[in-house]
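None of the figures in this text is laboratory data; all of them are computed from the coordinates on show. It should be emphasised that the depicted structure is a prediction, and the values quoted were computed from it without experimental measurement. Note that we place each Cβ from the backbone using ideal geometry, even for glycine, and neighbour counts take in every protein chain shown.
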Amino acid sequence: MSRHDATADVGLLVIGHGTRDTEGLAEFEQVVAHAAERYADQVVERGYLELAEPTILQGIARLVERGVRRIDVVPLLLFAAGHARRDIPALLAEARGQFSQVEIVQHDVLGCHPRVVELSALRYREALTGHEPVAAEETALVLVGRGSLDSDATAAMLRFAELRRELTPVRDCWVGFVAMAKPTLAEALQQAATSDARRIVVQPHLLFRGQLLADVEQAVANARLIAPHKHWLIAPRLGVHRWLVETWENLGNLTKMRDRETQSSAGH
């Protein structure tokens, strides 16, 4: 959601993965709307990596049309894998060639930011609401990651699971990946099914609605057939929340810092 009525020297480009799922696109755009409210002194645009428009280059072009001189690029992605390490930098390099008058700065992915860990714990508690109380020592958690061939991204997901377990203690916690990484989701669910836990909470560590969420739901349905005596719950995806935007809370400070550095260099 662009702010066509705004003009500013600084623009903010929020990058989404993109999906054909209309609900998933709507959720992402709600987060962009939250960003426009929080960074009201900037022009805010969106750009998708694939499967939707505007593209990243189109989003940058829109910001340039609004007269910005610097663009802060914030990937709304969970972990740094191929998209954050290769695809986005390549597109930004192309944009710098087209718009040499504009400074374009790429910021980090969400990663293990405390706000994201807190949001994950909140969704876990929401999943338990309205159900029979079960002690933590009788509860198991399966955190589901998208999966990547990037070993650093896999390690980051495992680290995220450790941080989550500190906020929501459980008997056991397993990580399973939908694709490209081990252990697989099926392997993690099998471990949970054969464990001593009475309740198993399966929590997709995914931002928005899309095909991967449907894959998780089907995998849990299959696990219920293996262990129908256990209480299976699926926690909500991270979804729309202002805390996601708060992970960029230092952008304004970074912008001011760069201004001071530029002025200092000019003075010398």
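Taking Cα atoms, how many degrees apart are the long axis of helix 251-267 and the longest axis of the chain, rounded to 10 and kept between 0 and 90?
The angle comes out near 30 degrees.
Through the Karplus equation 6.51 cos²θ - 1.76 cosθ + 1.60, θ set to phi - 60°, convert the phi angles of the range 19-24 into ³J(HN,Hα) values in whole Hz; use x for Gly and Pro.
Whole-Hz 3J(HN,Hα) from phi for the range 19-24: 7, 8, 7, 5, 5, x.
If one takes the longest principal axis of the Cα atoms in the chain, at what angle in degrees, from 0 to 90 and to the nearest 10, does the Cα axis of helix 88-98 lie?
It works out to around 10 degrees.
Could I have the simple spin-label model distance between Gln218 and Glu138, label points 7 Å from Cα toward Cβ, reported in nm to one decimal?
About 3.4 nm, to one decimal.
For the range 114-234, what mean projected area does the convex hull of the alpha carbons give, in nm²?
Hull-based average projected area comes out at 7.0 nm².
Hey, can you grab everything whose amide H is under 5 Å from the amide H of Phe177? Only 5+ residues off in sequence or another chain; H modelled, so Pro and N-termini drop out.
For Phe177, the qualifying residues are Gly145, Thr184, Leu185.
How do Val32, Val142 line up, fewest other C-beta atoms within 10 Å first?
In increasing order of surrounding Cβ atoms, one gets Val32, Val142.
Per 0.36 nm of contour for each residue apart, how much would the distance between Arg198 and Asp9 grow if the chain were fully extended, relative to their Cα-Cα spacing?
On the way: separation 189, 0.36 × 189 = 68.04 nm, distance 5.60 nm.
Computed gain between Arg198 and Asp9 is 62.4 nm.
What label, among [x] 113; [y] 147; [z] 131, belongs to volume of the Cα convex hull per residue in Å³ computed from the structure on display?
[z]
Quick check on the range 1-116: what are the equivalent-ellipsoid semi-axes from the Cα gyration tensor, as sqrt(5λ), descending, whole Å?
After diagonalising the Cα gyration tensor, the semi-axes are 20, 17, 14 Å.
Any chance you could give the angle, 0 to 90 degrees and rounded to 10, that helix 211-226 forms with the longest Cα principal axis of the chain?
Helix 211-226 sits roughly 10 degrees off the main axis of the chain.
So, with +1 on the Cβ of K and R and -1 on the Cβ of D and E, and no other charges, what is the size of the charge dipole of the chain about its Cα centre, to the nearest 20 debye?
Here the chain has a charge dipole of around 180 debye.
Pop a pseudo-label 7 angstrom from the Cα along the beta-carbon direction at both Glu94 and Glu126 and give the gap in nm to one decimal.
Roughly 3.5 nm, to one decimal.
I'd like the distance between the alpha-carbon centres of the range 19-39 and the range 88-117, rounded to an integer number of Å.
Measuring centre to centre over Cα atoms gives 18 Å.
Along the Cα→Cβ direction, 7 angstrom out, place labels at Ala40 and Arg159. What is the inter-label distance in nm?
Between Ala40 and Arg159, the label points sit 3.6 nm apart.
Cut-off is 10 Å between beta-carbons; in what order do His113, His107 appear when sorted fewest neighbours first?
If I rank by nearby Cβ atoms, fewest first, I get His107, His113.
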